[in-house]
Amino acid sequence: MDLEDSLLLKQSGVISLSNQGEVNVNLTLEDAPAFSNAILLGTVYDTTLLTGAPISDATVVVYDASGAVVSFGITNSLGQYEISDLVDAAAYTVNATKDGYTISASSAFTASATTVTTVNFALLPNTNETLNTVYGIVVDNLDAPIEDATVVLINSTNSEIFSITTTIDDGEYAIYNVPAGSYLLKVIKQGYISPSSTALTLTTSENESQNVILTIDSNIDNGVITGIITDSASAAVENAFVALYTVDAEDVPETIIDYTFTNSAGRYIFGSVLPGSYVIKAKLSTT
């Protein structure tokens, strides 16, 4: 037999009764509204459903059909939770989670105001909980965030790259599931001068914050002039003298501003060359 309130509970005022006195107390009870809320309850267990150890302080979250959170509950010392503000005949999904455990799979149910819905969970320990996270913000020397900077985490033991990521528009990056060990953190961005790599030693369950400042390269607009010097037989000329000249208004070669010598492949390079007009001259002298 279902037992449901038809008239609401109501109390009288304070009654004073003298010796052998008589007091008449009448109460008018109001009709109880139809009960429309649905109830969800259950228990959250460690590892094994129904027979595992109860998990206290686990969070149980209920979502509607659109994925929006509509309610949540926290388990007590017996691993039990109860959520009583759900809408009758509405479709929901529910998940359970707690720090140190992997979030449960979603369970779907349709709420009922006439039947209590029971959903139990068994949470599995998160094997990544002991791993580490390296995170931070990359900015320039004017404190402006740098987007699309390359962040590299290198294992110091074997010099192998553990992870490569890039910063988002506010300069943030995050590298997670990093095992214990020694690492080097390097940040690179075209047009900026990178600082020395940061040495990190990680142990267990650390959240290591590493903010990095890159210096704006004052030579950002400069270019490179490079080429190969060969002789009349198309053979590479090693140790040839190569000079970089400026050009005056009449396009007449004028002043040497830099010089270098070719390598064994005849290659020369002039780096950090300012925008402008130039002429290359090369020769080889023998003794």
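The numbers here are math on the coordinates, done by the rules we state, and not lab data. Quantities reported herein were computed from a predicted structural model and do not represent experimental measurements. Don't worry about glycine lacking a Cβ; one is built from the backbone with ideal geometry, like all the others, and counts go over all protein chains shown.
Per residue, the average separation of C-alpha pairs within less than 8 Å and at least 6 apart gives the chain a relative contact order of 12 percent. A convex hull fitted to the Cα coordinates of the stretch 100-158 yields 214 cubic angstrom per residue. Pairwise Cα separations in the stretch 108-246 fall into 10 Å bins from 0 onward with the following percentages, short to long: 10, 26, 18, 15, 16, 9, 3, 2, 2, 1.
Amide hydrogen proximity for residue 254: with H placed 1.01 Å from N in the peptide plane, the residues at 5 or more positions away or on another chain lying under 5 Å are 246, 248. Each residue, residue 269 and residue 127, gets one label point 7 Å from its Cα in the Cβ direction; the gap between the two is 4.5 nm. Pairwise Cα distances in the stretch 223-283 exceed 19 Å for 32 percent of all pairs. Stretched out straight at 0.36 nm per residue, the stretch from residue 207 to residue 165 would grow longer than its current Cα-Cα span by 13.4 nm.
Summary of the geometry: the stretch 106-169 and the stretch 236-287, compared by the centres of their Cα atoms, lie 52 Å apart.
Per the Debye calculation on the stretch 1-126 with a single equal scatterer at every Cα and no solvent contribution, log₁₀ I(q)/I(0) for q = 0.12, 0.14, 0.22 Å⁻¹ amounts to -0.58, -0.69, -1.20.
According to the Kirkwood relation over distinct C-alpha pairs, the hydrodynamic radius of the chain is 27.4 Å. Of 176, 81, the sequence from fewest to most neighbouring Cβ atoms within 10 angstrom is 176, 81.
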